[in-house]
Amino acid sequence: ASYKQIHNVDDKVQAFLTLDEENARAYAKQLDETIGVEKEHGLLFGLPIGVKDNIVTKGIRTTCASKILGNFDPIYDATVVQKLQAAQTVTIGKLNMDEFAMGSSNENSAFAATRNPWDLDRVPGGSSGGSAAAVAAGEVFFSLGSDTGGSIRQPAAFCGVVGLKPTYGRVSRYGLVAFASSLDQIGPITRTVEDNAYLLQAISGLDPMDSTSANAEVPDFLSSLTGDIQGLKIAVPKEYLGEGVSEEVRQSVLDALKVLEAQGATWDEVSLPHSKYALATYYLLSSSEASANLARFDGVRYGYRTDNAKNLIDMYKQTRSEGFGPEVKRRIMLGTFALSSGYYDAYYIKAQKVRTLIKEDFEKVFENYDVIVGPTTPTPAFKVGEKVNDPLTMYANDILTIPVNLAGVPAISVPGGFVNGLPVGLQIIGKHFDESTIYRVAHAFE
Ligand code: GLN
């Protein structure tokens, strides 16, 4: 059914970069044969899943939507992919994204621009646009995305699905092609909150292969879906309903708060005073980390190599000039500049300090509240081509998702109504390692 739907709609939606149909069908058949034979099955037995193309899959091309990895076949599976295998999902294929996860619209893919299934003239969001669109279009039951500054939550909001960025360290990054290692997290994109809890359950946990994965207990996320939010205390940051946020989106958040109030929760307005510095801090730190991480793509170790080099240095230069797209080059230049001697203290160190202040803003609010609620994005999905020539406007779209990554806390986007026929997302932010409370609230709201 999954492939049937893909063959029906994916020439329009363009969510997939690679399909693994023959192997997937063979594996599904193999799973079928265990029914009635094996006593126990995996947690997600037989369910079709799509995987973002920056998560490595052994023997299945993994491109990061970049020409530089256009012909790259990984020799190992990411930890999350191994965990999916243990849960017995069927991997349907690899999903389109902005090149190296840099972008908010999927228009930075070197191969195709995924479209929003709700309106094909609009973007699905990014960078996990393929992951969100595939779920929204019914091509897969669920998918994995990655979120460095909003890349799971923003496309989930634009496509009317559920997307969670787990606490930094909750899910192993081993086998996730690094963009900004101190911010990146893999997470689930699904149709319902319950599906989301199932998928997070399957992929969470300490991993000796990722030194930043956390030795935190993995609770039973499903048991938090009680529907009971009586007495829950919600904080609503005034910075998240202020300037730049459209009136309709603001109204949809206020409506959502009424729904939660009716179930016994209370809410107050609070302040996250350093929010206004989050965008600048994020683009400085993420680009710095990216410039170091992407140094490995040199034509020697992975993927693409130029045909017309005169010598070794020229080979590096030509390979990277031909292999990377414009946005990736912009980030590498920005990051290299910020890290260069003479500028390092003024930019990189300064941004690290501001990051701490942003994290402390969250900690202070969480002393008195269970969750923070606000919009996921300032507006619903924008038109294809609308922001593509204006990187700063494109960056501003992430203003409400980025602080969460800087603080390392978990957050979900759930469908929060419609504006002019387009879905908008409600963002629920939780304390470190408290995805359970996020799920409890999201499920009560759903
Ligand atoms: N849109 C943001 C960026 O371009 C976030 C991307 C992400 O979360 N991977 O960096």
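The values are calculated or read from the model by the stated rules, or taken from the named source; none is laboratory data. Since this is a predicted model, take the numbers as computed values, not measurements. Don't worry about glycine lacking a Cβ; one is built from the backbone with ideal geometry, like all the others, and counts go over all protein chains shown. Keep in mind that these areas ignore ligands, DNA and RNA; they rest on the heavy atoms of the full protein, side chains included. Shrake-Rupley method; radii C 1.70, N 1.55, O 1.52, S 1.80 Å.
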Along principal axes, Cα extents of segment 196-281, largest first, whole Å: 45, 38, 21
Stokes-Einstein diffusion coefficient of segment 284-334, Kirkwood radius over Cα pairs, 4 °C, 1.567 mPa s, in µm²/s: 114 µm²/s
Inter-site label distance for Gln230 and Glu363 at 7 Å from Cα along Cβ, in nm: 3.4 nm
Principal axes of the chain: Cα extent on each, largest first, Å: 69, 66, 44
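Where does segment 142-286 land on Rg(C-alpha)/(2.2 N^0.38 Å)?
Relative to the rule-of-thumb radius for its length, segment 142-286 sits at 1.16.
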Reference-scaled alpha-carbon Rg (2.2 N^0.38 Å with N residues) for segment 299-439: 1.42
Segment 335-445: relative contact order in percent, alpha carbon pairs under 8 Å with at least 6 residues between: 27 percent
Amide hydrogen neighbours beyond the local backbone of Gly417, cut-off 5 Å, H modeled: Val424
Under 5 Å, built H, 5+ apart or other chain: amide partners of Val90: Gly46, Leu47, Ile49
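To the nearest 0.05, what FRET efficiency results for Lys39 and Ser211 with a Förster distance of 41 Å applied to their C-beta separation?
It comes out at approximately 0.65.
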Cα-derived Rg over Rh, computed across segment 104-188 with Rh taken as Kirkwood radius: 0.96
Principal axis box of segment 344-427, alpha-carbon based, largest edge first, Å: 43, 36, 13
Segments 358-365, 137-144, 38-45 sorted - mean Cβ within 10 Å per residue, highest first: 137-144, 358-365, 38-45
Orientation-averaged projected area, Cα convex hull of segment 238-361 (nm²): 11.9 nm²
Using distinct alpha-carbon pairs, which all enter the 1/r mean, Kirkwood radius of segment 1-136 in Å: 15.3 Å
Karplus (6.51, -1.76, 1.60) ³J(HN,Hα), θ = phi - 60°, over segment 376-393, in Hz, Gly and Pro reported as x: 7, 9, x, 9, x, 3, 8, 6, 4, x, 5, 10, 5, 9, 9, x, 5, 5
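Using a 1.4 angstrom probe on heavy atoms only, work out the carbon and sulfur share of the accessible area of the chain in %.
52 percent
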Charged-residue dipole, Cβ positions (Lys, Arg, Asp, Glu), segment 285-415 about Cα centre, Debye nearest 20: 500 debye
